[in-house]
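Asks: Have a look at the structure that comes next, please.
The values are calculated or read from the model by the stated rules, or taken from the named source; none is laboratory data. In this text, all values refer to a predicted model and were calculated from it rather than measured experimentally. Because the Cβ atoms are built from the backbone with ideal geometry, glycine has one as well, and the counts that use them run over all protein chains shown. SASA here: full protein model, heavy atoms, side chains in, ligands and nucleic acids out. Shrake-Rupley method; radii C 1.70, N 1.55, O 1.52, S 1.80 Å.
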Amino acid sequence: MTSDSSPPPSRRGLIALAWLWVGAPLAYGLYELVHKATQLFTG
Amino acid sequence: MSSPPLAPPGWSRWLVPPAALSVHLSIGQAYAWSVFKPPLESALKLDGTQSALPFQLAIVMLGLSAAFGGTLVERNGPRWAMTVALVCFSSGFLISALGAQTKQFWLIVLGYGFVGGIGLGIGYISPVSTLIKWFPERPGMATGIAIMGFGGGALIASPWSAQMLESFGTDHSGIALAFLVHGLSYAVFMTLGVLLVRVPRTERPVEGAPAAGGGVQVSARSAVRTPQFWCLWVVLCMNVTAGIGILEKAAPMITDFFADSSTPVSASAAAGFVALLSAANMAGRIGWSFTSDLIGRKNIYRVYLGVGALMYLLIALVGDSAKPLFVLCALVILSFYGGGFATIPAYLKDLFGTYQVGAIHGRLLTAWSTAGVLGPLIVNWIADRQKEAGKHGPALYGLSFGIMIGLLVIGFVANELVRPVHARHHIPAQREAADDQRQQPAA
């Protein structure tokens with residue numbers, strides 16, 4: 001059991017996982033967007 | 001009724017933006033509804049107006065549930081709101097899957113439009129006040145991250161849904177399976193938000209940050225009785241109308257505009273233009289809202305509305321002689337459109353405090369619903385009339401651009417009229433403390 005005086009647990013792993021969870025699909029969406037947007041200059 | 005989830009000691013505030021993003025990236029799928037339109041039309045024998053019904057009802061429900069559910073969201077906290085959003089949004093897809101499988105279109109309207117639309121409204125406002133409380137010194141940046149997610153949701157869903165329909169088929173069973181996978185996937189994805197979201201335990205969650213609850217506090221009920229609320233309503237409505245006018249008709253607009261020029265625009269190039277506008281919309285949400293923390297909310301709206309009007313004027317004056325300039329101006333206008341959405345919660349917080357900022361934001365979103373009707377109506381109606389009159393090229397849109405400039409000027413004036421809220425609308429400190437006490441039971 002953790003006592004009140006002990007330092008709070010580090011959340012770095014959880015923070016990285018949470019940002020990866022939302023960042024990965026967003027990166028996929030951005031990749032698809034860039035791919036499509038280049039058609040303005042090549043199409 | 002549930003209690004807001006209090007953060008345990010040492011909880012990082014950097015866990016809250018991904019929680020918000022998991023909800024906004026999901027509900028932002030609404031803007032990718034058009035992917036389902038052609039398959040639905042051929043599988044269920046619908047016309048274009050009918051296949052747009054689920055989306056239209058969803059946007060109406062977004063406005064209504066945000067306006068009427070805002071107080072409940074404030075009372076029950078972000079976890080309750082995110083759970084409601086998860087259940088409604090995912091159930092909407094599951095009901096739609098049943099509708100597609102049984103070829104009952106009304107079930108798709110009910111599921112995606114009505115039930116899913118409630119999820120959109122509650123989900124949209126769910127993290128706003130929590131983010132402002134965690135990032136009191138950077139409210140623009142914090143809410144900008146979440147609201148950027150709503151723009152990003154369509155970027156993810158559009159190619160993802162299209163690929164799914166390609167794999168499952170575009171007959172009614174394929175559409176049903178796609179709806180089912182969407183419902184289940186979004187339920188899992190949004191769970192992160194429900195699990196991670198926390199309300200700060202203290203008024204000052206970060207060392208050195210100003211107290212979240214300090215300064216003016218106004219209840220949602222009082223806020224709608226102030227001229228400041230209605231000035232901001234006009235500001236948002238005018239800014240969104242100006243952006244949505246381009247966004248809704250972007251592909252045919254750029255094609256028509258340069259049809260008579262030496263550099264006509266092909267269909268694939270027009271699709272690229274639409275994609276670029278989406279990127280500007282998203283970048284504006286995070287970039288301009290972050291900037292608003294540095295230069296102030298009133299100044300940033302001066303830029304959105306004043307420079308936005310100048311951009312429209314440039315397009316109208318230069319016509320079809322400079323395509324890069326047209327693209328650049330459209331990108332700037334769309335970045336202001338996104339920025340306007342993302343900065344408004346922080347503007348509300350500056351004027352009305354954090355007390356019921358989520359509920360006030362919900363009520364203000366009725367300006368979005370109004371603009372959603374007004375913007376496309378102006379541009380489409382005028383372009384049709386001009387076509388009937390035998391006009392072509394830039395002449396099709398000249399009058400629309402003139403009206404947009406006028407609307408932006410009205411918005412600019414409304415922003416100039418914004419003053420600090422009169423003391424008679426402020427809530428007594430004792431009542432705020434009592435409400436906080438009620439909302440923060442033993443963790």
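Asks: Quick one: would you say B:THR83 is hydroxyl-bearing (Ser, Thr, Tyr) and more than 23 Å from B:ARG285 (Cα to Cα)? Give the steps one after another, and end with the answer.
Replies: Numbers: hydroxyl-bearing (Ser, Thr, Tyr): yes; more than 23 Å from B:ARG285 (Cα to Cα): yes.
It is true that B:THR83 is hydroxyl-bearing (Ser, Thr, Tyr) and more than 23 Å from B:ARG285 (Cα to Cα).
Asks: Conditions first: (1) part of a helix (DSSP H, G or I); (2) open to solvent by 10 Å² or more (accessible area, probe 1.4 Å); (3) in contact (Cβ under 8 Å) with a residue 60 or more places away in the chain. B:GLN56 passes all but one, so which condition is the exception?
Replies: (3)
Asks: Okay, next question. Can you tell which of B:LEU236, B:LEU184, B:LEU177, B:LEU192 is modelled with pLDDT of 90 or more, in a helix (DSSP H, G or I) and open to solvent by less than 10 Å² (accessible area, probe 1.4 Å)? Steps first, please.
Replies: Working: B:LEU184 fails: open to solvent by less than 10 Å² (accessible area, probe 1.4 Å); B:LEU177 fails: open to solvent by less than 10 Å² (accessible area, probe 1.4 Å); B:LEU192 fails: open to solvent by less than 10 Å² (accessible area, probe 1.4 Å).
Exactly one residue qualifies, and that residue is B:LEU236.
Asks: Hey, another quick one. Considering region B:252-292 alone, what residues qualify as being away from every other protein chain (no Cβ under 11 Å) and farther than 15 Å from B:SER335 by Cβ?
Replies: Once the filter is applied, which keeps residues that are away from every other protein chain (no Cβ under 11 Å) and farther than 15 Å from B:SER335 by Cβ, region B:252-292 yields B:PRO252, B:MET253, B:THR255, B:ASP256, B:PHE257, B:PHE258, B:ALA259, B:ASP260, B:SER261, B:SER262, B:THR263, B:PRO264.
Asks: I'm told B:SER12 meets every condition in (1) more than 14 Å from chain A (Cβ to nearest Cβ); (2) free of Cβ contacts under 8 Å to residues at least 24 places away in the same chain except one. Can you identify the failing condition by its number?
Replies: (1)
Asks: In region B:84-104, what count of residues is obtained for those that are polar (S, T, N, Q), in a helix (DSSP H, G or I) and either assigned by TED's automatic domain parsing to the domain that holds B:TRP368 or surrounded by fewer than 20 Cβ atoms within 10 Å (Cβ to Cβ) (or both)? Before you say what the answer is, go through the steps one by one.
Replies: As a first pass, look at region B:84-104 and keep what is polar (S, T, N, Q): B:90-91, B:96, B:101-102, B:104.
Of the ones still in play, those that are also in a helix (DSSP H, G or I) are B:90-91, B:96, B:101.
Those left that are additionally either assigned by TED's automatic domain parsing to the domain that holds B:TRP368 or surrounded by fewer than 20 Cβ atoms within 10 Å (Cβ to Cβ) (or both): B:91, B:101.
The total comes to 2.
Asks: Would you mind stating whether B:LEU377 is closer than 23 Å to B:ILE295 by Cβ, surrounded by fewer than 24 Cβ atoms within 10 Å (Cβ to Cβ) and without any contact (Cβ under 8 Å) to a residue 60 or more places away in the chain?
Replies: Details: closer than 23 Å to B:ILE295 by Cβ: no; surrounded by fewer than 24 Cβ atoms within 10 Å (Cβ to Cβ): yes; without any contact (Cβ under 8 Å) to a residue 60 or more places away in the chain: yes.
Here the answer is no, as B:LEU377 does not meet what is asked.
Asks: Answer yes or no: is there a residue in region B:219-228 that is within 14 Å of chain A (Cβ to nearest Cβ) and free of Cβ contacts under 8 Å to residues at least 60 places away in the same chain. Talk me through it step by step, then tell me what you get.
Replies: Pass one, region B:219-228, residues within 14 Å of chain A (Cβ to nearest Cβ): none.
Checking region B:219-228: not a single residue is within 14 Å of chain A (Cβ to nearest Cβ) and free of Cβ contacts under 8 Å to residues at least 60 places away in the same chain.
Asks: Could you tell me which numbered condition B:PRO9 fails, if it satisfies all but one of (1) open to solvent by 50 Å² or more (accessible area, probe 1.4 Å); (2) at pLDDT 90 or above; (3) under 14 Å from B:PRO200 (Cβ atoms)?
Replies: Going through the list (1) open to solvent by 50 Å² or more (accessible area, probe 1.4 Å); (2) at pLDDT 90 or above; (3) under 14 Å from B:PRO200 (Cβ atoms), B:PRO9 breaks only (2).
Asks: Please name all residue pairs, on different chains or six or more residues apart, with Cβ atoms under 9 Å, provided the first residue is in region B:280-302 and is in contact (Cβ under 8 Å) with a residue 24 or more places away in the chain and within 18 Å of B:ALA414 (Cβ to Cβ) and the second residue is among the polar types (S, T, N, Q) and open to solvent by 60 Å² or more (accessible area, probe 1.4 Å).
Replies: Note: pairs meeting the criteria are B:SER292/B:ASN299.
Asks: Could you go through region B:162-171 and let me know if any residue there is assigned by TED's automatic domain parsing to the domain that holds B:TYR31, crowded, with 21+ Cβ neighbours inside 10 Å, in a helix (DSSP H, G or I) and not aromatic (Phe, Trp, Tyr). Talk me through it step by step, then tell me what you get.
Replies: Taking region B:162-171 and keeping what is assigned by TED's automatic domain parsing to the domain that holds B:TYR31, we get B:162-171.
Retained after the next criterion (residues that are crowded, with 21+ Cβ neighbours inside 10 Å): none.
Checked region B:162-171: no residue is assigned by TED's automatic domain parsing to the domain that holds B:TYR31, crowded, with 21+ Cβ neighbours inside 10 Å, in a helix (DSSP H, G or I) and not aromatic (Phe, Trp, Tyr).
Asks: Kindly indicate whether any position in region B:218-232 is of a type in the set (A, V, I, L, M), crowded, with 17+ Cβ neighbours inside 10 Å and touching a His at 6+ places or on another chain (Cβ under 7 Å). Working first, answer last.
Replies: In the first step, residues of region B:218-232 are kept if they are of a type in the set (A, V, I, L, M); the result is B:218, B:220, B:223-224, B:232.
Okay, now just the ones that are also crowded, with 17+ Cβ neighbours inside 10 Å, so B:218, B:220, B:223, B:232.
Then drop every residue that is not touching a His at 6+ places or on another chain (Cβ under 7 Å), which leaves B:218.
Checking region B:218-232: at least one residue is of a type in the set (A, V, I, L, M), crowded, with 17+ Cβ neighbours inside 10 Å and touching a His at 6+ places or on another chain (Cβ under 7 Å).
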